[in-house]
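The values are calculated or read from the model by the stated rules, or taken from the named source; none is laboratory data. Here the structure is a predicted model, which is why all the values come from computation and not from measurement. Note: ideal-geometry Cβ built from the backbone for every residue, glycine included; neighbour counts use all protein chains shown. The accessibility values were calculated without ligands, DNA or RNA, using every heavy atom of the protein model including side chains. Shrake-Rupley method; radii C 1.70, N 1.55, O 1.52, S 1.80 Å.
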Amino acid sequence: MKGEVNTLHILVLNGPNLNLLGTRNPEVYGTTTLPDIQRQMQERAEALGCELDFMQSNHEGALIDAIHNARGKYQYLILNAGAYTHTSYAIRDAIEAVEIPTIEIHLSNIHAREAFRHESVLAPVCVGQICGFGAMSYMLALQYAAEMGQQHHE
Ligand code: DQA
């Protein structure tokens, strides 16, 4: 975070197992690695004039701490909570508590997969959900946050 006060700041949070992207179930998640995705997002963010920070953790509590610490620093969260999407009332409550607009994303189309993935306990407290577009899900979320955020932030 180095930008000016008026720059839109967005935190991109990735949950468990997403550090394995590139080699993890490539038929489902593709071969793009998380550093690749972050590089692409960074390039796009520079063009859009916003600042990104990235964090990945395999631990529920660390993700919750990151959401708490985002208060007052970030205007948007882009969150791929991995399997915590389907189970974590604690992450759900953290998003609700900090009141930072959060975009839920997934590489895969969770609605076309196993039944346990169809429900997101996070969706009710998120602005919306983007899923099924592979690495591009992240870029679509960034585009939304940058456009909407800049409108409200200026
Ligand atoms: C995921 C979908 C989740 O169901 C799964 O547990 C993940 C990745 C996705 O990006 O498609 O870890 O969030």
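Observations on the structure shown:
- For segment 50-80 versus segment 107-134, the gap between their alpha-carbon centres in whole angstrom: 19
- Listed values for segment 93-98 are Karplus-derived 3J(HN,Hα) couplings in whole Hz (6.51 cos²θ - 1.76 cosθ + 1.60, θ = phi - 60°), namely 5, 5, 4, 5, 5, 7, and x replaces Gly and Pro.
- Paramagnetic reach from Asn19 (point 7 Å along Cα→Cβ, amide N under 13 Å) across segment 60-85: 60, 62-63
- Between amide H atoms placed 1.01 Å from N, distances below 5 Å from Ile130 occur with Glu104, Ile105, His106, all of them 5 or more places distant or on a separate chain.
- Rounded to the nearest Hz, the phi-derived 3J(HN,Hα) couplings of segment 44-56 under the Karplus curve 6.51 cos²θ - 1.76 cosθ + 1.60 (θ = phi - 60°) are 5, 4, 4, 5, 7, x, 10, 10, 10, 10, 10, 8, 10, where x marks glycine and proline.
- Accessible surface for segment 8-153, divided over its residues, is 46 Å² per residue with a 1.4 Å probe.
- Of the trypsin sites (Lys or Arg not before Pro) found in segment 54-128, those in coil by DSSP whose Cβ has at most 16 other Cβ atoms within 10 Å are Arg71, Lys73, Arg113.
- Segment 14-154, dipole about Cα centre (Lys/Arg Cβ +1, Asp/Glu Cβ -1), debye to the nearest 20: 240
- With 0.36 nm allotted per residue and the present C-alpha distance subtracted, the Glu147-Val127 stretch has 5.8 nm of extension available.
- Computed from backbone phi, the HN-Hα couplings of segment 19-35 come to 5, 8, 3, x, 10, 7, 5, x, 5, 9, 9, x, 10, 6, 8, 5, x Hz, rounded to whole numbers (Karplus: 6.51 cos²θ - 1.76 cosθ + 1.60, θ = phi - 60°; Gly and Pro given as x).
- Sparsely packed loop sites in segment 80-131 (the GluC sites (Glu not before Pro) outside DSSP H, G, I, E and B with at most 14 other Cβ atoms within 10 Å) comprise Glu99, Glu114, Glu119.
- Largest GNM mean-square fluctuation among Pro124, Pro16, Pro101, using the chain with Cα springs under 10 Å: Pro124.
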